[in-house]
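Read-outs throughout are calculated quantities, based only on the coordinates presented, and are distinct from any laboratory measurement. The structure presented is a predicted model; accordingly, all values stated were derived computationally and were not measured. Here the Cβ positions follow ideal geometry from the backbone for every residue, glycine too, while neighbour counts run over all protein chains shown.
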Amino acid sequence: MGQALKKDKRYTYQDYVSWDDGERWEIIDGEAYCMTPAPKIRHQNIVSNFHITLKRHPDNRCYTAIAPTDVVFDEYNVVQPDVFVVCDKNKITEDNIKGAPDLIVEVISASTELKDKREKKYLYERFGVREYIIVYPEREYVERYSLDDNRYGAPELFNWDEVLKLRSFEIEINLWEIFEKEREV
């Protein structure tokens, strides 16, 4: 769901870990957001393709993960990004990631689009995520935000048939492979 569903108080990470209701949740500024139902197949294919591309890239020596892995920014902010990369090994614990990843990729679902573009973008900017990529599966393009002087500027847009050169790492991603499309040469 795109809206906060538990609004009766400001929730913390301790509240979050005590919930055992079979649903996935995120907390942004103390508001709880339900992450169920599961995303569509196309969404998951794109998540998987990004993850595999980043994880297998020979220049990526960092930890690369997918949801559901908790990223704990602070007591009131816990999210499960679709794909993320963390280079600071001190942020990696047995249970979760503590602090901002270097790169986060969120693949838009109809139910999460506003949250991904507003609440999460602001959260990631505020906590210093260097590069934030939003993928639009149905429209087949990518939006990239890069941190500059602790702020995200205007997004850069990339069509499915272009190469995305990451700013956080020396990695180029063929977006047609991510979207599983044939590119005419």
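About its Cα centre, what dipole magnitude does the stretch 39-178 give when the only charges are +1 on Lys and Arg Cβ and -1 on Asp and Glu Cβ, stated in debye to the nearest 20?
Once rounded to the nearest 20, the dipole reads 120 debye.
For Glu182 and Glu125, FRET efficiency with R0 = 30 Å and r from the beta-carbon atoms, rounded to 0.05?
0.25
Under a Cβ-Cβ cut-off of 13 Å, what is the net charge of the residues other than Glu106 that fall near it, where Lys and Arg count +1 and Asp and Glu count -1?
Its environment carries a net charge of -1.
Taking the simple approach of a point 7 Å from Cα along Cα-to-Cβ for both Ile92 and Lys40, what is their distance in nm?
3.4
Given the -39500 (n - 2.57) contribution per DSSP H run of 4+ residues, what per-residue ellipticity at 222 nm results for the chain, rounded to the nearest 500 deg cm²/dmol?
Taking each H run of at least 4 residues, the total per residue is -6000 deg cm²/dmol.
Please report, to one decimal in angstroms, the Kirkwood hydrodynamic radius of the chain built from all distinct Cα-Cα pairs. Don't skip to the answer; put the middle values down first.
Working: mean 1/r = 0.0596 Å⁻¹.
Taking the inverse mean of 1/r over all distinct Cα pairs, the chain comes out at 16.8 Å.
Sequence gap at least 6, Cα distance under 8 Å: using those rules, report the relative contact order of the chain to the nearest whole percent. It would help to have the intermediate numbers written out before the result.
Values: 345 pairs, mean separation 29.9, N = 185.
Computed over the chain, the figure is 16 percent.
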